Amino acid sequence: MRSSSPSLWLEKQEFIKSEGWFYIDGWFHFESFQQSQAMMFAMEEINQDPNILPNVTLGFQALDSCDTLRLDLGSPLQVLSGAKMATPNYRCLPDIPLAAIIGPAISTHSILLAHILGLYKYNQISHFSTSYLLGDRRKFPSFFRTVPSDAFQSVGLAKLVLYFGWTWVGLLASDSDYGQQGIQLVKQELLKSGVCVAFTENIIMNNQERNAQHIVKIMRASTVKVVVVFSTETELFAILDEMLRQNVTDKTFVASEAWSTTSIHSIEKYSKLLTGTIGLAFYSASIPGLKKFLNAINPSMSLGRDWIKMFWEEAFDCKFNTNRNVTDVLDSAFRECTGEESLENIQNSFTDVSNLRTTYNVYTAVYAVAQALEDLKKCVLQEGTLSSSRCADIYHFKPWQLLYYMKNVHVSLSNGNEFYFDENGEPPAVYDIVNWQLSPEGGIRQIKVGSYDSAAAPRQVLTINASLLFWPSKDNQVPLSICSKSCPPGFWKAARRGEPICCFECVPCPLGEIANKTNSVDCIRCPWDQWPNSQKSECLLKSLEYLSYDDPLGTSLMVIGALSSLVPNFIIKLFIKHKASPVVKANNYNLSILLLVSLSFCFLSSLVFIGYPQPEKCLLRQVAFGLVFALCISCILAKTMMVVLAFMATRPGSSLKKWTTPRVSYMIILIGFLLQFILCTAWLSLEPPFPQYSTQIQYIVVVIECNEGSSVAFWIMLGYLFVLATISFIAAFFARRLPDSFNEAQYITFSMLAFLSVWTSYIPASLSAQGKYTVTMEIFAILASSWAVLICMFLPKCFIIIFRPNLNSKEYIMRKNRLK
């Protein structure tokens, strides 16, 4: 083995010295001591491995900086100088090249040191500095780290919050570069994902008492149940103590890696505050052989003897007798350390190697440097770092020459893991997700429940085994941290004025609109043929409304119309049978038959209004109604005019006798019918009726109806029938007292009065009705007016023919005339 050895420098990580090296608040910190031993273990492995740096011995210097800036900057400069005092631009050990400096742990200190080391291209590898600023390759060209950047951790913490559905959280951070930079990244990710931040508070270390009271007061007043804490454990103690004092125990913490796996959980008084805490932790791994190496440590060792003795006294609760006078007796409160105690019989964070995190980062850093040296040693001509003319000498290389190989290092560790740096000197960002759970003994244990791997497939970046999770609630349900409860389907979120978007009111969707998912930001209007269900969560097809044959109302009207059309046919048969009788003869047999036929069609025309409004029905139904009623009223008008003409023709010297022929009555009927036919033809030609779907009448149904095309044409057609009926009424009214045995004028008067009354009542009734009831009103008017004409015109005649045949005889008429 050669005596010239590349050097490594390791700085103690993360804890402040108070009583001695590796002490915090009077307690020896076993994890920090474990990390220094892991560095030594890695050195021994490499020096004994014939496959890496054969014939080269690695050496190291380990200095404790106590996490103070002065020592974090001064100690590396001392190592660079190779003497007890730092001498700028001077190295007193020119034959022992410095390979790398491992540390510091604090990001702020690493930034300052990296500015200095970057000038000379000295390799710096931090095992705990996580600030994302250190990833800037232009500012820090020779900085590397074996721990992921806070940029990845911040995204992971935000994803963790989103995974559990927490939309209303508080943020708490230490007043340092680590806390401030980290919490700002977390906040950005949360806001980008729609999570609202109730408060953001800083832990001010130089005013802990008042600051802690202020923070806990805000936490107590807030409705948030989840608080993301980006700090170290030492900065959290004052907050936890104040929470106990104010009895604030209903908060769940999301922990950053700086305190998610620390020993704070071993302090029993904090158990009710920290149970259920979940957070990200550095990737955990095992180091084969480390357990045996740690258990072999003994105070008799010369390397690091002072540190080992302090560790030994703390681990076995004893004291070494350092007094030279053998007669002096140790304080009775302590027993004497013999140095023969066995570490295999104790359990603490030093001997626990089941989940190595920061210790594994230190171990990895040593191997990364060793591999870079191995690559430099194996340099071939074409791969020289300066030029293609020469390669660097492993015993006399320059720092910038090793930097080339550090950037491209790829290490296969003894536990099978692969390690490398990306273009920014960053390792693969992999975190464990840990959950703080109550142990059967009543303490708290940190259980790995998942992982966060930024390089994994999108659906596998965050993986959590929900069955392993533990929450402090009685039913072990995930804590609910929301500003407002979710709006169910059928409601939309209305933001509260002056409050974050997560604070809202749930407002029902307006008429005709739905919200088909939870927490809808607005409502969706249903298509014209659909309508919301009662919950306003989905659109349903509106029911179609029209006067159908299956409808009880439609069925009733159909039966009435069909049966009513048979009555005129019965009367026709009766008239044919008594064709020669005086009653039939006196009332113009031919016109009466034609009138009865038209009445039968009037009843049947009502059937066209029932059923689905097909285009053909819409075209024909009003036209059919108008034509058959025009024929009917024209027949009545002809009857009326014939009565008047017949009376006037009997006067002496009258010239009207020629107008009493049947052809005149037929001419009247033809003209009356023809005018209506022309009007209907023009209507169908210019603006014909058509079926339409209407949603304006009733919101929950689609009314299928016939649009008349031209309402003016419809009312003109109906008005024409009024004109015919009015003329018939007036003529019949004045002829009602004319002398005749069977004068029809009075019957015509009553029939036309009833006809006009029915259709006059129809006008306001049809305007006030909606949907199928508009059609019902018209059918009712058709049936009623038809029955009015039928009853008034033919009921008296049928009564005489059937029940009073003695009145329907020639003898009765002659006797009646003699009496007059």
Excluding ligands and nucleic acids, what accessible area in Å² is computed for C66 using a 1.4 Å probe, to the nearest 10?
-> 20 Å²
Helix 69-81: angle to the longest alpha-carbon principal axis of the chain, degrees 0 to 90, nearest 10?
-> 50 degrees
K269 accessible area, assembled protein chains, probe 1.4 Å, Å² | 110 Å²
Take the alpha carbon atoms of the range 487-560, find their radius of gyration, then divide it by 2.2 N^0.38 Å using N residues; give the quotient.
-> 1.71
For the range 507-572 and the range 602-624, what is the separation of their Cα centres, given in Å?
-> 21 Å
If the viscosity is 0.890 mPa s and the temperature 25 °C, what Stokes-Einstein diffusion coefficient in µm²/s follows for the range 222-310 when Rh is the Kirkwood radius over Cα pairs?
-> 155 µm²/s
Rounded to whole Å, sorted largest first: equivalent-ellipsoid semi-axes of the range 399-503, Cα gyration tensor = 41, 25, 13
Using a 1.4 angstrom probe on the protein heavy atoms only, line up W400, W759 by accessible area, largest first.
-> W400, W759
Orphan Cys of the chain, criterion: no other Cys C-beta under 4.7 Å | C66, C92, C602, C632, C635, C680, C792, C798
In this model, which of K772/K797; K192/K407; K617/K797; K251/K448; K291/K398; K536/K617 are farther than 28 Å apart at the alpha-carbon?
-> K772/K797; K192/K407; K617/K797; K291/K398; K536/K617
Structure-based [θ]222 nm, the chain - -39500 (n - 2.57) summed over DSSP H runs of at least 4, per residue, nearest 500 | -14000 deg cm²/dmol
For the range 67-184, state the semi-axes of the equivalent ellipsoid (square roots of 5 times the eigenvalues of the alpha-carbon gyration tensor), sorted largest first and rounded to whole angstrom.
-> 35, 14, 10
If the cut-off is a Cα-Cα distance under 15 Å, which aspartates and glutamates reach K639, setting aside same-chain residues fewer than 8 apart in sequence?
-> D740, E744
For the chain, the Cα-Cα pair-distance distribution in 10 Å bins from 0, as whole percents, is 2, 10, 15, 13, 9, 6, 5, 5, 5, 6, 7, 6, 5, 4, 2, 1, 0, 0
What's the center-to-center distance, using Cα atoms, between the range 123-145 and the range 247-291 in Å?
-> 26 Å
Where the Cα pairs of the range 124-202 fall when distances are cut into 10 Å bins, in % | 18, 45, 26, 10, 0
Cα convex hull of the range 688-804, projected area averaged across orientations, nm² | 9.5 nm²
Of all DSSP beta bridges located in the chain, what percent are antiparallel, nearest 5?
-> 50 percent
Order the following by accessible area, largest value first: W436, W168. Probe radius 1.4 Å; ligands, DNA and RNA are ignored.
-> W168, W436
Helix 177-192 sits off the longest principal axis of the Cα atoms of the chain, rounded to the nearest 10 on a 0 to 90 degree scale, by 20 degrees
Accessible surface of K639 - all protein chains present, 1.4 Å probe, nearest 10 Å² = 0 Å²
Rank these by accessible area, largest first, 1.4 Å probe: W787, W312.
-> W787, W312
Report the extension gain between R70 and R220 in nm, rounded to one decimal, defined as 0.36 nm multiplied by the number of residues separating them, less their alpha carbon distance.
-> 50.1 nm
Determine Rg/Rh for the range 164-246; Rg is computed over alpha-carbon atoms and Rh is the Kirkwood hydrodynamic estimate from the same atoms.
-> 0.96
In terms of the ratio Rg/(2.2 N^0.38 Å) built on C-alpha atoms, what value belongs to the range 247-368?
-> 1.39
Mind jotting down the three principal axis lengths of the range 75-135 based on Cα atoms? Whole angstrom, largest first.
-> 35, 19, 18
Check: C-alpha center the range 408-461 vs C-alpha center the range 35-49, spacing in Å is 22 Å
Run the quick spin-label model on E341 and Y120: label points 7 Å from Cα toward the beta carbon, then report their separation in nm to one decimal.
-> 4.2 nm
Estimated distance in nm for a label pair at V559 and M301, the labels positioned 7 Å out from Cα along Cα-to-Cβ = 10.8 nm
Helix 237-246: inclination vs the chain longest Cα principal axis, degrees, rounded to 10, gives 50 degrees
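The values are calculated or read from the model by the stated rules, or taken from the named source; none is laboratory data. Quick caveat, the model's predicted, so the values are computed rather than measured. No Cβ is skipped: glycine too gets one built from the backbone with ideal geometry, and neighbour counts run over all protein chains shown. Just so you know, the surface numbers come from the protein's heavy atoms only, side chains and all, with ligands and any DNA or RNA stripped out. Shrake-Rupley method; radii C 1.70, N 1.55, O 1.52, S 1.80 Å.
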